[in-house]
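Read-outs: derived from the displayed coordinates by stated rules, not from any lab. All values derive from a computational prediction rather than experimental measurement. Quick reminder, even Gly has a Cβ in these numbers, built from the backbone with ideal geometry, and neighbours come from all protein chains shown.
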Amino acid sequence: MEAIVLLSGGVDSTTCLAEAVARFGPDQVLALTIFYGQKHAKEIEAAKQVCAFYGVEQQIQDVSAVFALSDCPLLEGSTQAIDHESYGEQLEKMGGCGTVSTYVPFRNGLFLSYAAAIALVRGAHVILYGAHADDACGDAYPDCTIEFVQSMGKAIWEGSGKQLSLEAPFVQLPKAGVVARGLALKAPYELTWSCYEGGDRPCGTCGTCRDRAAAFAANGVADPALNR
């Protein structure tokens, strides 16, 4: 086993998996999908389909107890409604900085720590993480910033006895750049799910739906998931 990929079932992590498979081969990649108490399982079902497409091993782990006290609107116990605005609009209301309402407290830090433990047990040498620059903007999601990635990378390297590296190949790219790389790799975007709502079709208006639509539009292609 060479690589662990954090796979949510969305565009960014699927692109990351596509790169890992191209680089190492499907038999050397483990996809780690984590249930953290989200209100719907659409992304997890999408992740299963993406793994089947590539023929990679998948582990699904449940860490929902960690976030039981959080009132983030993505979580099943929350009473808050999901904002149907772009991340930019949400940040503007906060004076250009601060976390958006759908930030789950230190979620990606927990995921990466979990992945590091599994990677060491399985003998993997690298963790691949699909954070990108648009999510980091204005600390909307502070666990997607380059500073966070560098800090976690150092912690994982030192904490693993210098056996394990963290790579975030898109951390300086906008989402449109991520999609461009995925299109070149023929990533199965038709299988992915990004919407924060759990309906039969994406809502089209939540922050991640807007971000996704803009990324495909910037590449001059229709989102293939909308034609399923």
message: Tell me the relative contact order for the chain as a rounded percent, counting alpha carbon contacts under 8 Å between residues six or more apart.
response: 24 percent
query: What full-extension length gain, to one decimal in nm, is calculated for residue 203 and residue 57 as 0.36 nm per residue of separation minus the Cα-Cα distance?
result: 49.5 nm
message: I need the trypsin sites (Lys or Arg not before Pro) found in the stretch 117-178, filtered to DSSP loop residues with at most 13 other beta carbons within 10 Å of theirs.
response: 162
message: Given points 7 Å out from each Cα along the Cα-Cβ axis, report the residue 81 to residue 157 separation in nanometres with one decimal.
response: 4.7 nm
- request: State to the nearest 20 debye the size of the charge dipole of the chain about its Cα centre, where the only charges are +1 on K and R beta carbons and -1 on D and E beta carbons.
  value: 420 debye
The chain - mean residue ellipticity at 222 nm from DSSP helices (-39,500 (n - 2.57) per run, n ≥ 4, rounded to 500): -12000 deg cm²/dmol
- request: Provide 195, 51 in ascending order of the number of other Cβ atoms located within 10 Å of each residue's Cβ, fewest first.
  value: 195, 51
- line: Once residue 40 and residue 121 are pulled to full extension, the length gained, defined as 0.36 nm per residue separation minus their Cα-Cα distance, is 26.2 nm
query: Antiparallel DSSP bridges in the chain: what percent, to the nearest 5?
result: 5 percent
- request: With 25 Å as the limit, write out which pairs from 42/186; 39/186; 42/162; 162/186 have Cα-Cα distances beyond it, or answer none.
  value: 39/186; 42/162; 162/186
message: Test of understanding: ordering 118, 127, 34 by Cβ neighbours within 10 Å, fewest first, what list do you get?
response: 118, 34, 127
- line: The alpha-carbon center of the stretch 72-134 and that of the stretch 1-64 are separated, in whole Å, by 16 Å
- prompt: Which of the listed residues, 218, 108, 164, is farthest toward the dipole's positive end in the chain, when Lys, Arg count +1 and Asp, Glu count -1 at the beta-carbon?
  reply: 164
